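Colleague: Pasting a structure here, questions to come.
Bear in mind that the values in this text are calculations on the coordinates, not laboratory data. These numbers were taken from a predicted model, which means no experiment stands behind them. Here the Cβ positions follow ideal geometry from the backbone for every residue, glycine too, while neighbour counts run over all protein chains shown.
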Amino acid sequence: MQLLTSLTINAESKNTQAKSTKTQNTQTFKVHFYPKQYIIETNQKTITIDKHLIIDRDNGNLYEKDGAPPQSEHQQMAFSAFLGTIYILDKPFLLLVEEAELICTIDEQDIFQIASVAFLPYEPNEKIMQCAKANEILKMIGHLRKLLIMGFYFSYGYDLTLSKVKQKIEEKTEEKFLWNLNLIRNHLKQQIDRKWLTNIIQGFINYFYLYINGKKLDFYLMSRRSSKRAGTRYNARGIDDDGNVANFVETEQIIYYNNHCCSHLQVRGSVPIFWNQRGLLTETKLMRSAELTKSAYKKHFKGLLEDYSRVICLNLMAKKKSAEQMVTEGFEEQVKLNSDELNGNIRYEWFDFHHECKNNDFSQSNPLVRKLMEHIKNFGFYLEDLKTKKVLSVQHGIFRTNCMDCLDRTNFIQTKIAMSVFDLSTKQLGVDFQNLLKMSPIEALDEDSSKITNYFIQYFKNIWADNGDMLSIQYTGTGSTHTNITRTGQRDITGSLDHGTKSLIRFVNQNFVDNDKQEAIDILLGNHADITASYSKQIDEKLKSRFQDFCSFSDRSILVVTWNVGGQTVSQSYDLNKQIVDYAADIIVVGLQEMVTSGTGLVVGSNQYLQDWDKLIANNLRQKDKYIYIKSKELLGIGLFIYAKERFQDRITKVSYDTIKLGFLGQIGNKGAVVIKMLIDDTLICFINCHLEHGQKSLSTRLQSLKDIHQNIFNQIGIGKKKEEKIEQCDYRILFGDLNFRINQEADKVITSTQRHKLFIDQSRIHEAKETLQYIVHLILETCKKQNQYLKQYKESDINFLPTYKFEPYSNIYDKLRTPSWTDRILVGQNEHCEHKYQYYKCHDINYSDHRPVSALINVRTRKEIAEKKAEVIQSIYKNES
């Protein structure tokens, strides 16, 4: 193919970039309002469907019908798109696009950006406005309106979820890029024409054109943000158990020139390990061990290899910054651990962007691009002959780029790679672009914009800068801090001031705005903890009754230990296996209270004590079996430690924690709870380690604390923290710790009962020994249950051991000033269709503190869902419903 060496600009093309049209209502869909129904019909121009769609406002059923809608008097409105049904605090609404902006046309199909949306309630307006949650519903609708005008796009005839190559091989809509899947899922199962429901993506789309040697070149840039692990910067970091990473974006650069179409893909995404940032200072933490990260990491890269064949990871973070170093080291550890299993198809490249480009010399990134040039050539790009419709080449690999946020540095490097690919692709189409520029194209990007005479370079820089801005706004609430560099090639004083301003706005957003935005995202995607579609709820209830049809079941043993150690330090040589952890259960859970008791320790935290106990427990368990660390967490001297046998490392997922301070204003003293929940296969189990208020007369305070724990745990919002499944939504809930249940009797009477118990045991009068204690214990718990709705959910095995508190120091003698009590307890709650059984429940005669440790071996029945069978069951339920 002959190389062209001249570049001519058509005069009208100077103003074509980011050409904005006014918003419009395309009036593609007309909605008829009836008391019991909504009826939708199309305009028969943009979308042709011979029937109309009826939506039952009472139960959400959809069906199609021939003929015209009823002619009775009613209201009707026109809309641009129908996006499905959205649930806001269990109230269903139709979500429709009112106005949209035409962004561009590709393959004769218009692409629009959403400009405004409408919410049509299933229930009458007055009923919504009179409900107790009316203000909260209105507030959430406001947040959703703001969210949905933040880079959401749709097309009636072009599947925006699919890249050019996937469209060519006629793949189905890519669900991870489909942002209204949750809104249309139930509708699709009712087998209506797919054209009723318009797909939307979030990301960025724009276009420009110009002429090279008299031939038109159309340039499109499309970014598709994944709806998996979606959220704002501090609410969505790292990876999840399904291998999805935060801020994952596929960016496609498409050019049409000389009767050919070229497409090139790049991706960005958060570092694929479990990490997060929480609190005002956004402290960075790794959330899982390398062993527990491995499974999710492999899922992530197997997905990338399936989609893109080969992967080169470009990590642009700095190792001199402690947070970035921690995350980078975690990433590099996984690269080493998984290199053999992933067959060498993944390569890792570290480039300290800030160090290499110090003093604002961003041209120092060019050596990296040159180093990658051989891979850029080998990966190639998608190329199609538009005359013959023949695919001449496909892309054989992907660059996966990340920095801390996968925004500013990432977008800059992706722009350089994109320019290198553009140079290669135009060369194949007959244009020697480098010769036209009289310099390297990637170096042309570094030129001061005021000196650039080539329109393409300026358009290219601007469209990529706009891409960076939009993706940054969606993730952080501000444009990219590197926009000035991408647009101009330099960081001048204006750019430096802009960088500082955006950094300040990001700080404000993370503290005051991000959580509202996160809630809106979760509502849209169906991930909000407080929202369940009532129609889906009916399906879920029917599914629970049919677990046997699509699940396999297994019995798991869990050993739970609770011990108030009273601030005592236990030697690392202490034999926990002999004294307390005396059974090699599948899961070992240790809950400690008062790891530290001093005022100083409570103020500065008990992290060192947590590490010491972690080390002691791990060393003991290694002698028993192959155990792996799952999670540990501390608060105010309360420590919770979870280990599992190694064979469970791929079966334990979605590990998360929360804490709550109790006592006066939640600020004073050492009372609180540490909670860790996790999935074992498809069974959600929650471990709640509590230290409740002491004192004979503090029953009401303890009961209020239990209420606070159940209402607030996993329901608190903060920086890097969002609502999750509440405690009562877990299949099993194991509540334990120093619950401080007290006996309302004189000490002498209780001590006499304990002495009688010992006597009966010595005489082998077991039944009488049990009865001596059971009456007292049963009376305490039942009294508490009557006063607390949450405690009613729990059951406890018979107690056949003596009171666990309070002993004189280092002795087996009860303190005569206190009534001996069973303060240290282990209770189990479960949901319907779950089964548990105590194998034993006992106290250990260890006199380190004034409490005795208590342990329980509990068997629970867990389930593993079989996806294919579940899909069949769901389909049968829908058929019966319709």
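Colleague: Which of the listed residues, Ser811, Ala246, His528, is farthest toward the dipole's positive end in the chain, when Lys, Arg count +1 and Asp, Glu count -1 at the beta-carbon?
Modeller: The residue sitting farthest along the positive end of the dipole is Ser811.
Colleague: With the crude spin-label approximation of a point 7 Å out along Cα→Cβ, what separation in nm comes out for Ser554 versus Leu392?
Modeller: 5.4 nm
Colleague: Continuing with the same structure: Identify the residues of the stretch 234-251 with backbone N under 17 Å of a label point that sits 7 angstrom from the Cα of Ala867 along the Cα-to-Cβ direction, or state none.
Modeller: In the stretch 234-251, the label zone of Ala867 (backbone N under 17 Å from the point 7 Å along Cα→Cβ) covers 240-245.
Colleague: So which lysines can Lys461 reach, going by Cα to Cα under 16 Å and dropping same-chain residues fewer than 8 places off?
Modeller: Of all the lysines, those that pass the test against Lys461 - Cα under 16 Å, at least 8 places apart if same chain - are Lys14, Lys19, Lys416, Lys451.
Colleague: Between Lys30 and Glu356, what FRET efficiency follows from the Cβ-Cβ distance if R0 is 60 Å, with the result rounded to 0.05?
Modeller: With a Förster radius of 60 Å, E is 0.55.
Colleague: State, to one decimal in nm, how far the label point of Glu73 lies from the label point of Glu443, with both points 7 Å from Cα in the Cβ direction.
Modeller: 7.8 nm
Colleague: What are the ³J(HN,Hα) values, in whole Hz, obtained from phi via the Karplus relation 6.51 cos²θ - 1.76 cosθ + 1.60 with θ = phi - 60°, for each residue of the stretch 750-755 in sequence order, with x given for Gly and Pro?
Modeller: In residue order, the calculated couplings are 5, 4, 4, 5, 5, 5 Hz.
Colleague: Please give the charge dipole size of the chain, origin at the Cα centre, charges +1 on K and R Cβ atoms and -1 on D and E Cβ atoms. Round to the nearest 20 debye.
Modeller: With only Lys, Arg, Asp and Glu charged at Cβ, the dipole is about 500 debye.
Colleague: Same structure again: If I stretch the segment between Asn577 and Glu832 completely, what's the gain in nm (0.36 nm per residue apart, minus their alpha carbon distance), one decimal?
Modeller: Once the chain is fully extended between Asn577 and Glu832, it gains 88.4 nm.
Colleague: Between Lys795 and Ala584, what FRET efficiency follows from the Cβ-Cβ distance if R0 is 35 Å, with the result rounded to 0.05?
Modeller: The calculated FRET efficiency here is 0.85.
Colleague: Let me ask something additional. Just check the stretch 231-491 against the gyration tensor rule for me: Cα atoms, a ≥ b ≥ c as the square roots of the eigenvalues, rounded for a/c under 1.5, and otherwise prolate or oblate depending on whether a/b exceeds b/c.
Modeller: Because a/c hits 1.5 or more and a/b fails to exceed b/c, the stretch 231-491 counts as oblate.
Colleague: So between Ser876 and Lys146, what do we pick up on full extension, going 0.36 nm a residue minus the alpha carbon distance?
Modeller: 259.0 nm
Colleague: For the chain, what is the calculated [θ] at 222 nm in deg cm²/dmol (nearest 500), taking -39500 (n - 2.57) for each run of four or more DSSP H residues and dividing by its residue count?
Modeller: Using -39500 (n - 2.57) per qualifying helix, the result is -10000 deg cm²/dmol.
Colleague: While we're here: Using 1/(1 + (r/R0)^6) with R0 = 56 angstrom and r between the beta carbons of Glu333 and Thr752, what's the FRET efficiency to the nearest 0.05?
Modeller: 0.40
Colleague: Sequence gap at least 6, Cα distance under 8 Å: using those rules, report the relative contact order of the chain to the nearest whole percent.
Modeller: 10 percent
Colleague: Taking the Cα centre of the chain as the origin and placing charges on Cβ (Lys, Arg +1; Asp, Glu -1), which of Ile54, Thr42, Gln130 is farthest toward the positive end of the dipole?
Modeller: Among Ile54, Thr42, Gln130, the one farthest towards the positive end of the dipole of the chain is Gln130.
Colleague: Still on this model: Give me the distance in nm between label points sitting 7 Å out from Cα along the Cα-to-Cβ direction at Lys319 and Lys654, one decimal.
Modeller: For Lys319 paired with Lys654, the spin-label model returns 3.7 nm.
Colleague: Highest mean first, how do 372-378, 75-81 rank when packing is the count of other Cβ atoms within 10 Å averaged over residues?
Modeller: Per-residue mean Cβ counts within 10 Å order the peptides as 75-81, 372-378.
Colleague: Then there is this: Just want the answer: with Cβ charges of +1 for Lys and Arg and -1 for Asp and Glu, which residue in Ser764, Phe362, Thr28 is farthest toward the dipole's positive end in the chain?
Modeller: Value computed over the given set: Ser764.
Colleague: Using Cα centres only, tell me the gap between the stretch 95-132 and the stretch 195-215 in whole Å.
Modeller: For the stretch 95-132 versus the stretch 195-215, the Cα centre distance is 21 Å.
Colleague: What's the magnitude of the charge dipole for the stretch 39-164 around its Cα centre, counting Lys and Arg as +1 and Asp and Glu as -1 at the beta-carbon? Answer in Debye, nearest 20.
Modeller: 460 debye
Colleague: Checking the cross-link filter: which aspartates and glutamates have an alpha carbon closer than 13 Å to that of Lys544, excluding same-chain neighbours under 8 positions apart?
Modeller: Asp682, Asp731, Glu832, Glu865
Colleague: If the only charges are +1 at each Lys and Arg Cβ and -1 at each Asp and Glu Cβ, what is the size of the charge dipole of the stretch 231-491 around the Cα centre, to the nearest 20 debye?
Modeller: For the stretch 231-491, the charge dipole is close to 100 debye.
Colleague: Then there is this: Give the lysines reachable from Lys321 as a straight Cα distance under 24 Å; neighbours fewer than 8 places away on the same chain don't count.
Modeller: The reachable lysines, counting only those whose Cα sits under 24 Å from Lys321, are Lys285, Lys336, Lys358, Lys502, Lys721.
Colleague: Expected output is a single nm value to one decimal: the length gained when fully extending between Arg194 and Asn259, i.e. 0.36 nm times separation in residues minus the C-alpha distance. What is it?
Modeller: Gain on extension, Arg194 to Asn259, equals 20.2 nm.
Colleague: Another question, then. Cα centroid distance between the stretch 25-63 and the stretch 426-461, in Å?
Modeller: 50 Å
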